[in-house]
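Accompanying notes for the structure given below.
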Amino acid sequence: MTTMSSREVVDYLRLIRSELLAERQRLTEAQAAEPGRLQAVSQDEESAWAHLLGTLVPDLNAQGLDRAAARLSLPLVAAKATGARRLQRQQQLQAQLAKIEGEVEYQNRENLLNEADIRLPDLEENAAPLRADVQLLSAEPLWDELINVNYGTPAYTRKWYQRGYFRHWKFGDRILAQHGARLAVRDFGALRTKYLGEKQALETFEAEVRLLQERSARIRAMAAEHDEAGAALANLDAWVLAQTRALVLEHLSALSLPDLTPLLQDDPGLLLAAKRIHGAQAKQKYMDAVSQEWLVKPLADVQRRLSKVDSGIEKFCRPKNATQRYPREEIEAKYGIPSEKWGQRWDRYENTTQEIVVFNDYGRVDPFTQFLWWDLMIHSHHGNFVPDVCDYHQHHAHPGDVYADASANDDLRMHDAS
């Protein structure tokens, strides 16, 4: 039996670690690319919906609306119901505009905003020196306590023999020496009075600033709301058309492809768009399942293996293991990686995702026959890790089918993350 020294084991584990890191990087990069693939599929669905809705409800022509309502059995999009929605929206916007225009602040908005623009810099100029004085004094040690106990005033009653008196005297003298000359005061009481006066003046200025800022923000918000309501009123027909199409979208989204087909089968273009929509939805579901099975799960497994290898490196680097020999077969069985199966998994992932994304043969779909989107799109893997696909194959397999007894033939089904 071939054996390995602890040094050889560590070298082997470091090689395994580098391969695991490379695999983790590849899996991470593939995950990062997934949103781009999904966006392409999503855009295909959105394009099909745009064609379908644009054809069913091209405009607000009354006869066209009534035809769409009759075709879809959807009275909400008939001309009468649509006209009622338009009138309701129009009245709502007009009432919103009238309410804003009745506000005194909105009526005087230009003067009030100009006043704020002029007054705010003056207030800030007056407040700046006061704020500097207040902040400097407030930052002094013991300042708040001295103010609260009325130090330097007749209201200060603490005697020289009472606890804290000398501490107050000490810090009070330090503060006076630091700021007295600058503020033109000779004792702490005058310093205190000046501080409180400047603080009150600062608070008055800051309160006025807040009021002006709040009023200006309120006026600008009203102006923005007025502009939005005015623009909505000017584009009322576009809004009504979008809302009408949204009702059609909500109605049709709830229908299966077989239920949708009788409503559209007299128009090949509409029926093809419906097939594209349902096919794109199947694509998105399959892409999510493929990512989970062949990216997320393997990434978790790689991370687990990395932790195991790191622990092994630490173990075999310990001095007590320096003279030991270890069976190579056991080390490779415990720490080795299934590179061949990983390669097969990558082939399946890349082939399957490519087949899903590029599939575009929607015309051959017969909505009234038993079929599976996966079987139409994918030719490289049976996909029984997708619950719906697995269930379909179990209940619809026939002798000779490619997917018959697929679970027994898929060696990677239970080992993709190995």
Karplus ³J(HN,Hα) for region 48-53 (6.51 cos²θ - 1.76 cosθ + 1.60, θ = phi - 60°; Hz, whole; x = Gly/Pro) runs 5, 4, 4, 5, 4, 5
Ranked by GNM mean-square fluctuation in the chain (Cα springs under 10 Å), the top entry among Asn351, Asn126, Asn150 is Asn150
One finds the C-alpha centres of region 1-25 and region 62-128 to be spaced, in Å, by 68
Given (i) 31; (ii) 69; (iii) 61 as possible values of percent of Cα pairs over 32 Å apart, the one from the coordinates is (ii)
Sorting Ala207, Ala184, Val149 by the position of each Cα along the dipole of region 110-220 (Lys, Arg +1; Asp, Glu -1; all at Cβ), the one nearest the positive end of that ordering is Val149
Under the helix-only model (-39500 (n - 2.57) for each DSSP H run of 4 or more, divided by the residues of the chain), the mean residue ellipticity at 222 nm, to 500 deg cm²/dmol, is -25000 deg cm²/dmol
Restricting to aspartates and glutamates and to Cα separations under 17 Å from Lys170, and discarding same-chain partners fewer than 8 apart, the set is Glu140, Asp144, Glu145, Asp187
For region 181-189, in residue order, the Karplus 3J(HN,Hα) values (coefficients 6.51, -1.76, 1.60; θ = phi - 60°; whole Hz; Gly and Pro = x) are 5, 4, 9, 6, 10, 10, 9, 5, x
Per DSSP loop assignment and a cutoff of at most 12 other beta carbons within 10 Å, the chain keeps its longest run without exposed chymotrypsin sites (Phe, Trp or Tyr not before Pro) at 162-367
Within the set Gln394, Gln265, Gln178, GNM on the chain using Cα springs under 10 Å gives the largest fluctuation to Gln178
Of all trypsin sites (Lys or Arg not before Pro) in region 108-202, the ones in DSSP coil with at most 16 other Cβ atoms within 10 Å are Arg158, Lys159, Arg163, Arg186
Counting only residues 5 or more apart in sequence or on a different chain, those whose built amide H sits under 5 Å from that of Met4 are Tyr326, Arg328
Exposure-ranked with fewest Cβ neighbours within 10 Å first, Val134, Val9, Val77 stand as Val134, Val9, Val77
Phi-derived 3J(HN,Hα) across region 111-120 with the Karplus relation (6.51, -1.76, 1.60, θ = phi - 60°), rounded Hz, x for Gly and Pro, is 5, 5, 5, 5, 4, 5, 4, 7, 6, 4
When the charge dipole of the chain is computed with +1 at the Cβ of Lys and Arg and -1 at the Cβ of Asp and Glu, the Cα pointing farthest to the positive end, of Gln265, Tyr392, Val290, is that of Val290
Quick calc, the chain, dipole around Cα centre from Cβ unit charges on Lys, Arg (+) and Asp, Glu (-), nearest 20 debye, gives 2220
The pairs in Lys283/Lys334; Lys159/Lys194; Lys80/Lys285; Lys285/Lys334; Lys283/Lys341; Lys285/Lys341 lying past 32 Å Cα-Cα in this model are Lys283/Lys334; Lys80/Lys285; Lys285/Lys334
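Each value in this text was obtained by applying a stated rule to the coordinates, not by laboratory testing. Since this is a predicted model, take the numbers as computed values, not measurements. Backbone-built Cβ (ideal geometry, glycine too); neighbour counts: all protein chains shown.
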